[in-house]
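We did not get these values from a lab; they are worked out from the coordinates using the rules stated. Bear in mind that the values here come from a model prediction, so they are computed numbers and not experimental data. Because the Cβ atoms are built from the backbone with ideal geometry, glycine has one as well, and the counts that use them run over all protein chains shown.
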Amino acid sequence: MPKLTIDGREVEVEAGTTILQAAEVLGIEIPRFCYHERLAIAGNCRMCLVEVEKMPKPVASCAMPVGEGMVVKTTTPTVRKARQGVMEFLLINHPLDCPICDQGGECDLQDQAMAYGADRSRYHEHKRAVVDKDFGPLIKTFMTRCIQCTRCVRFITEVAGVPELGAVGRGEHMEITTYVGKAVSSELSGNLIDLCPVGALTNRPASYTYRAWELKKTESIDTMDALGSAIRIDARGNEVIRVLPRINDDINEEWLSDRSRFACDGLKRQRLDRCYVRRDGRLQPVSWTEALGAVAARLKGVAGSRVAAIAGDQTDCETLTAAKDLMASLGSANLDCRQDGAKLEAGVRASYLFNTTIAGIEQADAVLIVGSNPRKEAAVLNARLRKRWLAGGFKAALVGPQADLAFKHEWLGDSPAVLAEIAAGRHPFFGVLKGAPWPMIILGQGALAREDGAAVLGLARKLAEAAGVVKDGWNGFNVLHTAAARVGGLDLAFVPGQGGRDVAGIVDGAAKGEVEVVFLLGADEVDMKGLGNAFVVYLGSHGDAGAHRADVVLPGAAYTEKSATFVNTEGRVQRTQLAVFPPGEAKEDWKVLRALSDVLGKPLAYDTPRQLRDRMATLNRVFATLDAVSPATWGAFGAEGAVADKPFLPAIDNFYMTDPISRASKTMAECSGAFGPGCGCNHKKTGTHG
Amino acid sequence: MSAQEPATFAFTPDYLALAKQFVAKYPAGRQQSAVMPLLDLAQRQEGWVSQAAIEAIAAMLDMAPIRVQEVATFYTMYNLKPVGTHHVQVCTNICCQLRGSDDIVAAAKRALGIEFGETTPDGKFTLSEVECLGACVNAPMMQIGDDFYEDLTSESTGAVLEALKRGEAPKPGPQCDRQFSAPEGGPTTLTGLTFGPEKA
């Protein structure tokens, strides 16, 4: 390992490290614009110039690998002059519109101009102006501000795998643009805004509505998909202005999908901010006492077996626990957290987790994706798969609807029969899995949320065992969830108890009049028409399908408005933080159930979040540790039996609208309009297509 | 985008054969390296590089269209708009200017009746101002098609262009009594040099 001296301090780093990275190890700051840890090195901004002994000119430290015995200086007058010169050139064409620029206050150029720039300009000529480009409904462009660092071009090409951006022209006439009139259609496009070191690419939905320093920043967890990406919620007053990713190398590195980032305007629309009770066929606003009283009155004398609860896709574990206990006190075993009817059971934890872990993907060398389009279902995870593919030596195959996954893969067909062939060892891809030291299977909800889902699961388990996907120190069996609440629900066994009904059973029972009262905990994807004459109590945040059908509406809190526990698809227990308060009279969901239990005269045994979380930990000890993944033990799961000859269907139709929040979001509606269902994939062709 | 943008582009069989030759020069999987010669071939075939040509080449080389667009816009010698049969490019860079390129420009504009960036109504000539073409020793000069016309004067510029108008092919190279870059009127140094066996 080469040893070098930077500013008189010695450091030893891996060969191939750049001077800039070595300086970072020592905590020495070198200014930069084009360099970014997770992108290829460009070396075009020249801001990171340093002096190296025996080199005639200052060198760009971001692109210069360290050498044995190098003596680097970052504070000499030459370096200072070089930086000042570079800064002066950058500012030649940069407009002085910081006071009206959304990046103002969190702008790399602004900060570094303060730290390393000159105190005045010597430039009296006209500044260059550049025509703004249309990047679609999410990104607002001010191309005159662009300093051509090309971070956006590198991100969209390398990480997102959608080569739509480029730098055309040369010299002063160079412009960043999309290819002739196309918007940036990547599902990760929002990250361009974070990457842009100046205000050239800004958040369009939130443009001109905030100044960076007005916002209260709350570190939290995303629930728009099942990854549990680390986010920061920026709020002003009681309004969420924007959502940004935080760095979490285990999950999202520092990226965030567009739905997670931009659906936050849905938190302000269609909100349930007070209780409603249906009287004379119409929902009438009422007080909490009346609403809870109406529920209690309806429940009076109803047998437990005629009561049911269905949990939605964004229901937190606290609520699930409270609901489970409440249902138990009512004597009901009719509860289910699998709205889509996925045939996953609560018993063996390894059967429903993404066992390899998201970071573990980087170790894998072959993957079989079954009934899933990770690009739509977990865009950030797909970026990880692409990263692995870019590193080389990675074989991928897809059984399921054809999709553009942004990395090269073999499409084997969309029939479960193909999976059966592979599992039986009659398909060439079986050999690929078997021959790979670190093979992976990713099972999507498209493969599980069907009649024969249990058989598919069993088939996948058999394949995993036969092909050596699960072995000592490596579990390559993965279930990719689409709902943030699903793993938590399964961990808490929020599934039908002895003789209980599942979602289909509840809907069927309600239609037949065998189930009289149905609790919908933010569940909006249930067949509402099928609920017949049942008395529906909806507890949730948005006036979506569930609330429209409900007889009593109890307003709950969205994920930005409570400290709540979610378990991501890897089985990682994480907690959101309260960034803003629930609107109007809305309350944290579990507290509503706690209050209801009092009215019913069967009080739940916890009054504080801590007591409730202790209860969660007794239900399943995984809840005792936050932010960690413990390997789940393998076991027998899934069912034997034939799989139907029905092709796997996509689990998500529209990337931009999957849940009540994104369905209420204007931004997401605009995206659906601009990009269709998203990801340039799974476009259902109509008869008019060639 | 130009108004004359064609909907499709395809190499003619001859150019396609050439294009394949260029692609074959690079190792398998490195076919993208042939992007510049292919853009040049497209320009030779059509006279300019259209959006359709960019997309066709991108498809041929398995590249994103924007990558080809970047190359095509970086180099000024790719014409992204249609040009006349004869693309007259007059150098006005420093050496040529010091040697009187302003007169050459004026003569060319007079002869063709157009300004820089314009094409004659008959579509035969396009006049462009270009930076140094690397023939400073024969300044002032202009490039027409693939040929350099050097050591120009107002008169010889007019003569070259008039000849082209008549459909003739004027002789490229220095337009005065001079061989290549040798001194006018013959060599002035090493005149007594005789080639023979080396003397000890």
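For A:LYS602, which lysines qualify as cross-link partners when the Cα separation must be under 16 Å and same-chain residues fewer than eight apart are set aside?
List returned: A:LYS300, A:LYS324, A:LYS591.
Once Lys and Arg get +1 and Asp and Glu get -1 on their Cβ, which of A:ALA460, B:LEU164, A:ALA15 lies farthest toward the positive end of the dipole of the protein assembly as shown?
A:ALA460
Rounded to whole Å and sorted largest first, list the principal axis extents of the Cα atoms in segment A:542-615.
Principal extents (largest minus smallest coordinate, Cα): 36, 30, 23 Å.
Could you work out the helix-only [θ] at 222 nm for chain A, with each DSSP H run of four or more residues adding -39,500 (n - 2.57) and the total divided by the number of residues, to the nearest 500 deg cm²/dmol?
Working: 21 runs with 180 residues, N = 690.
Rounded to the nearest 500, the figure is -7000 deg cm²/dmol.
Taking θ as phi - 60°, what are the ³J(HN,Hα) couplings along segment A:650-657 by the Karplus curve (6.51, -1.76, 1.60), each to the nearest whole Hz, with x for Gly and Pro?
x, 6, 10, 7, 10, 4, 7, 9
Given Cα pairs under 8 Å that are at least 6 residues apart, what percent is the relative contact order of segment B:61-200?
Taking the mean separation of contacting Cα pairs over the length of segment B:61-200, I get 21 percent.
With only alpha-carbon pairs counted, each pair once and no self-pairs, how large is the Kirkwood hydrodynamic radius of the protein assembly as shown in angstroms?
In the protein assembly as shown this quantity evaluates to 31.8 Å.
Hey, can you list the DSSP H helices of chain A whose Cα span along the axis is 20 Å or longer and whose average Kyte-Doolittle score is at least -0.5?
Answer set is A:77-92.
Counting other beta carbons within 10 Å of each Cβ, put A:LEU405, A:LEU463 in order, fewest first.
Values: A:LEU405 23, A:LEU463 27.
Ordered from fewest to most neighbouring Cβ atoms within 10 Å, A:LEU405, A:LEU463 come out as A:LEU405, A:LEU463.
Mind checking the mean number of beta-carbon atoms from other chains within 10 Å of the Cβ atoms in B:62-75?
Per residue, the number of nearby Cβ atoms from other chains is 5 on average.
What's the local net charge at A:ASP336, with K and R +1, D and E -1, over the other residues with C-beta under 10 Å away?
+1
Mind checking the dipole of segment A:160-250: about its Cα centre, +1 per Lys or Arg Cβ, -1 per Asp or Glu Cβ, Debye to the nearest 20? If you can, show how the numbers build up before the last one.
On the way: 10 positive and 13 negative charges, 70 e Å.
Computed charge dipole of segment A:160-250: roughly 340 debye.
Whose amide H sits under 5 Å from the amide H of A:ALA396, counting only residues 5 or more places off or on another chain, with H placed in the peptide plane?
Answer set, sorted by chain and number: A:VAL367, A:GLU410.
Just going by the charge dipole of the protein assembly as shown, with Lys and Arg at +1 and Asp and Glu at -1 on Cβ, which of A:LEU492, A:PRO205, A:VAL479 is farthest out on the positive end?
Value computed over the given set: A:LEU492.
How large is the convex hull of the C-alpha atoms of segment A:523-681 per residue, in Å³?
About 216 Å³ per residue, rounded to a whole number.
Using θ = phi - 60° and the Karplus curve 6.51 cos²θ - 1.76 cosθ + 1.60, what whole-Hz ³J(HN,Hα) does each residue of segment A:399-404 get, with Gly and Pro shown as x?
10, x, x, 4, 8, 8
Long-range amide H contacts for A:ARG236: which residues qualify at under 5 Å (H placed 1.01 Å from N, peptide plane, sequence gap of 5 or more or a different chain)?
A:LYS216, A:ILE241
In whole Hz, with x marking every Gly and Pro, tabulate ³J(HN,Hα) for segment A:523-535 from phi via Karplus 6.51 cos²θ - 1.76 cosθ + 1.60, θ = phi - 60°.
Result, ordered by residue: 8, 10, 9, 7, 5, 5, 5, x, 6, x, 9, 4, 7 Hz.
Quote the relative contact order of chain A in percent (integer), defining contacts as alpha-carbon pairs under 8 Å separated by 6+ residues.
Relative contact order for chain A comes out at 15 percent.
Pick out, in residue order, every one of the GluC sites (Glu not before Pro) in segment B:132-200 that is DSSP loop and has at most 14 other C-beta atoms within 10 Å; say none if there are none. Write out the running numbers ahead of the final one.
Numbers: sites: B:GLU150, B:GLU155, B:GLU162, B:GLU168, B:GLU184, B:GLU198; in loops: B:GLU168, B:GLU184, B:GLU198.
Answer by residue number: B:GLU168, B:GLU184, B:GLU198.
Would you work out the charge dipole size for segment B:128-200 about its Cα centre, treating the Cβ of every Lys and Arg as +1 and the Cβ of every Asp and Glu as -1, and quote it to the nearest 20 debye? Let's see the in-between values first.
Working: 5 positive and 12 negative charges, 52 e Å.
That gives a dipole near 260 debye.
Restricting the count to DSSP beta bridges whose residues both fall in chain A, what percent are antiparallel, rounded to a multiple of 5?
55 percent
Kindly provide the GluC sites (Glu not before Pro) of segment A:104-203 that DSSP labels as loop, not H, G, I, E or B, and whose Cβ sees at most 15 other Cβ atoms within 10 Å. Write down the numbers at each step before the final one.
Values: sites: A:GLU106, A:GLU125, A:GLU158, A:GLU164, A:GLU172, A:GLU175, A:GLU187; in loops: A:GLU106, A:GLU125, A:GLU164, A:GLU187.
Listed in order of number, the matching sites are A:GLU106, A:GLU125.
Any chance you could check the Cα centroid distance between segment B:1-64 and segment A:594-664 for me, in angstrom?
Taking the Cα centre of segment A:594-664 as reference, the centre of segment B:1-64 is 55 Å away.
Quick one: dipole size for the protein assembly as shown, taken about the Cα centre, charges +1 on Lys/Arg Cβ and -1 on Asp/Glu Cβ, in debye to the nearest 20.
On the way: 96 positive and 107 negative charges, 310 e Å.
Rounded to the nearest 20 debye, it is 1500 debye.
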